[in-house]
Each structure stands twice: as structure tokens, then as C-alpha cells.
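The values are calculated or read from the model by the stated rules, or taken from the named source; none is laboratory data. It should be emphasised that the depicted structure is a prediction, and the values quoted were computed from it without experimental measurement. All Cβ positions, glycine included, derive from the backbone under ideal geometry; neighbour counts span all protein chains shown. Note: accessible area is taken over every heavy atom of the protein model, side chains too, but ligands, DNA and RNA are not part of it. Shrake-Rupley method; radii C 1.70, N 1.55, O 1.52, S 1.80 Å.
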Amino acid sequence: MKAIRVREFGPPEVMRLEEVPDPAPGPGQVLVRIRAAGVNPVETYIRSGAYPRRPALPYTPGNDAAGIVEAVGDRVRRVTAGDRVYTSETVTGAYAELALCDAARVHPLPGSVSYAQGAAVGVPCATAWRALFQRARAVPGETVLVHGASGGVGIAAVQIARAAGLRVFGTAGTTEGIGLVLRDGAHAAFDHRTTGYMEEAVAATGGRGFDVILEMLANVNLARDLKALAMGGRVVVIGSRGTVEIDPRDTMGRDASIVGMSLFNTPDADMTAIHAALGAGLANGTLRPVIGRELPLSAAPESHVAVMSPGARGKIVLLP
């Protein structure tokens with residue numbers, strides 16, 4: 001099969017398309033023929049060597065994919081050859097024509113959902129769901145602000161929060177992105193390139209502020225977020241690219257919380273609950289992953305540049 005291989009940590013160009021042996025499923029494993037693989041920012045950190053967890057070299061990047069079950073190993077009962085599935089983790093890497101997965105990390109893909117959309121579920125949608133309900137403990141009727149709401153995690157958070165009965169606000173950096181955020185369910189959206197957009201967003205809540213803020217770039221926004229919280233508000237830090245200075249008094253006066261999260265820390269039981277909820281959303285149409293770009297597998301280096309560039313409008317996927 002063809003697969004992207006990384007033989008040294010470094011810039012996007014270290015990813016190269018190679019011929020490698022087809023994997024075979026062992027007990028409890030599933031072999032998936034990949035129709036689309038999702039590209040996530042975390043994969044760029046791992047590839048560069050900047051992430052705390054480093055895979056053994058050489059390796060194939062990626063965990064999010066969608067495709068057809070090619071074969072199953074012993075003791076696998078949940079899926080059979082020919083089933084449409086999406087993956088939330090792989091053993092051998094998703095940037096490939098075939099990927100080996102543990103059976104627990106393979107999930108049914110409804111016929112109404114495309115393979116490209118299925119490849120956009122694993123990290124983005126699970127991150128959004130965990131941030132909202134397992135970390136922020138959001139409840140219906142609360143007001144949430146989603147920073148970077150036109151990206152993969154952001155769009156998922158907007159759709160999931162709206163379906164759960166929250167009042168949803170989002171930010172984006174382009175006119176097209178703002179339009180996308182509004183079309184996908186936000187009650188209001190703001191241009192984060194403009195001065196005073198946070199004050200404008202708080203004013204739209206009647207001055208009360210936000211119960212939950214999902215933060216994709218904490219090193220830029222966290223100090224402002226704390227001033228925009230309602231009493232008892234929570235900021236969930238999903239992403240950050242550096243340090244930031246805050247005033248702790250902004251948490252004290254509001255009984256506010258700053259909560260960090262990494263999807264890699266999710267206990268198995270919580271992950272099972274997440275994908276049960278996501279599967280229901282895919283089936284009933286309340287979760288509709290948005291695809292921004294489709295690229296051939298050989299364009300993996302280009303995809304890593306694109307996923308870290310501003311102006312995201314949905315998910316980037318690779319097509320073997």
C-alpha cells in the first residue's frame with residue numbers, strides 16, 4: 001500500500017509518500033481501507049518534534065479517517081468486512097491506503113455521511129464534545145463563546161452546542177468564515193480581527209457575559225476571556241501557542257475557572273460516551289462536519305501548512 005512516512009522530525013517536507021507492506025489485523029483489531037483521512041493541528045506538532053509525545057520513527061501520521069472495513073481479527077464482533085466506519089485512533093496511521101485500528105476505536109458511519117465528513121469526526125468533534133460537556137459541564141440555557149468557530153473543532157462545537165440548547169456565539173477571521181459560523185447554528189458571530197470584538201460580543205449577551213468560552217489560542221485571548229465571563233463562568237483551553245499574562249483577580253470576582261484539556265487524556269469510559277453521542281448526532285443530522293479542502297495523499301506537506309494557516313473554513317482531508 002501507499003502511506004505517508006516520517007523518518008525524522010522536522011518541517012512538513014519530512015513527510016514522504018512511500019510503498020509499505022499491507023498491515024494485517026490481529027486479535028481485537030480491524031483493518032480499514034481509507035477513503036479519507038483528517039488533518040489536525042496536533043499532527044503538525046508531533047511531526048515537528050515539538051509535542052511531548054513522540055512516536056518511534058519511522059511512523060505514519062494521523063488518527064482520524066473514514067472508509068470500509070477490509071478485514072477483522074479474532075474476537076471482533078462490532079463490525080464486519082464491508083461496513084462503513086470512521087476511526088478515532090489508529091495503530092498504524094491514517095495517512096495511508098490502509099490503517100490498522102483497535103476495534104474500540106472504529107465506529108459506524110451512517111450512509112448519509114460522506115467519507116470526507118467521517119474523517120472530520122474523530123479529533124475535532126470529540127474535542128468539542130469533551131470541552132463542552134465533560135470539561136466545562138455546559139447545560140442547556142447557558143451561553144457559550146467559541147473562538148475560531150470556522151475551524152474543524154469550532155464548527156463542531158457550534159453545531160453540538162446549538163443542538164444541546166445552548167445560546168451560541170462564535171468568532172472567525174474572514175467574511176466567509178463568519179457566514180459559515182452563522183449558517184451552522186451560531187446565534188451571532190464576530191470578526192476577531194477587529195478591535196473591540198470581545199466587548200461587542202459581551203454586549204450581545206446584554207452585558208452578562210459568557211458561561212463557557214472555548215479557547216483555541218489562549219496565548220492571545222485568555223486575559224480578555226476572563227473579563228468576558230459571567231459569574232461562575234469557565235474557560236476551556238483547547239489550544240495555545242505560547243505564554244500569556246493574566247490578572248488572577250478576573251477569576252476571583254466571578255468565581256471563574258480556567259480548565260485545560262487534551263483529548264489524549266480522555267479515559268476510555270468518557271471516550272465511549274463521546275462517540276455514542278457523536279454517532280447519534282451524525283445519524284440524526286444535528287452533527288454535519290464541514291469540509292474545507294480535499295487534497296491527495298501526496299499533498300500531506302501542503303496540508304500541514306494549510307491547517308496551521310489563518311482563515312480556516314472547515315476541515316482539511318487527504319484522499320488516498
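Computed values, structure above
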| quantity | calculated |
| --- | --- |
| Per-region count, segment 239-256, residues surrounded by 15 or more Cβ atoms within 10 Å (Cβ to Cβ) and either under 16 Å from D211 (Cβ atoms) or touching a Ser or Thr at 6+ places or on another chain (Cβ under 6 Å) (or both) | 4 |
| Residue within segment 39-48 that is aliphatic (A, V, I, L, M) and surrounded by fewer than 22 Cβ atoms within 10 Å (Cβ to Cβ) present | yes |
| Meets criteria (at pLDDT 95 or above, buried (at least 24 other Cβ atoms within 10 Å of the Cβ), among the polar types (S, T, N, Q) and in a loop (DSSP other than H, G, I, E, B)) for T90 | yes |
| Output for segment 114-152, where each listed residue is touching a Phe, Trp or Tyr at 6+ places or on another chain (Cβ under 8 Å) and either closer than 15 Å to V85 by Cβ or β-branched (V, I, T) (or both) | G118, A119, V121, G122, T143, V144, V146 |
| All positions within segment 188-201 that are crowded, with 20+ Cβ neighbours inside 10 Å, in contact with a Gly (Cβ under 7 Å, 6 or more places away or on another chain) and farther than 17 Å from Q159 by Cα | H192 |
| Count of segment 163-187 residues which are surrounded by fewer than 21 Cβ atoms within 10 Å (Cβ to Cβ) and either under 17 Å from the mean Cα position of the chain (by Cα) or assigned to a strand (DSSP E or B) (or both) | 1 |
| Any chance V69 is open to solvent by less than 40 Å² (accessible area, probe 1.4 Å), without any contact (Cβ under 8 Å) to a residue 60 or more places away in the chain and either in contact with an Asp or Glu (Cβ under 8 Å, 6 or more places away or on another chain) or more than 27 Å from I238 (Cβ to Cβ) (or both) | yes |
| Subset of segment 269-320 that is surrounded by fewer than 14 Cβ atoms within 10 Å (Cβ to Cβ) and at pLDDT 95 or above - its residue that is farthest from V158 (Cα to Cα) | P296 |
| All positions within segment 103-150 that are among the hydroxyl-bearing types (S, T, Y), open to solvent by less than 30 Å² (accessible area, probe 1.4 Å) and assigned to a helix (DSSP H, G or I) | T127 |
| Test: S262 is without any contact (Cβ under 8 Å) to a residue 24 or more places away in the chain, within 17 Å of V123 (Cβ to Cβ) and not aromatic (F, W, Y) | yes |
| Residue pairs meeting the criteria (Cβ under 9 Å; at least 6 apart or on separate chains; first farther than 18 Å from K315 by Cβ and among the hydroxyl-bearing types (S, T, Y), in segment 271-289; second at pLDDT 95 or above and open to solvent by 10 Å² or more (accessible area, probe 1.4 Å)) | T272/A104 |
| Subset of segment 214-227 that is under 24 Å from the mean Cα position of the chain (by Cα) and more than 25 Å from T44 (Cα to Cα) - its residue that is surrounded by the most Cβ atoms within 10 Å (Cβ to Cβ) | D225 |
| Within segment 20-36, tally of residues that are open to solvent by 40 Å² or more (accessible area, probe 1.4 Å) and farther than 18 Å from L319 by Cβ | 4 |
| Those residues of segment 72-87 which are aliphatic (A, V, I, L, M) and either in a strand (DSSP E or B) or open to solvent by 50 Å² or more (accessible area, probe 1.4 Å) (or both), in sequence order | V72, A81, V85 |
| Strands (runs of 3 or more DSSP E) completely within segment 246-320 that count 3 or more residues being touching a strand residue (DSSP E or B) at 6+ places or on another chain (Cβ under 8 Å) and over 22 Å from S88 (Cα atoms) | 257-260 |
| Restricting segment 187-226 to residues that are over 21 Å from R249 (Cα atoms) and of a type in the set (S, T, N, Q), the residue that is modelled with the highest pLDDT | T205 |
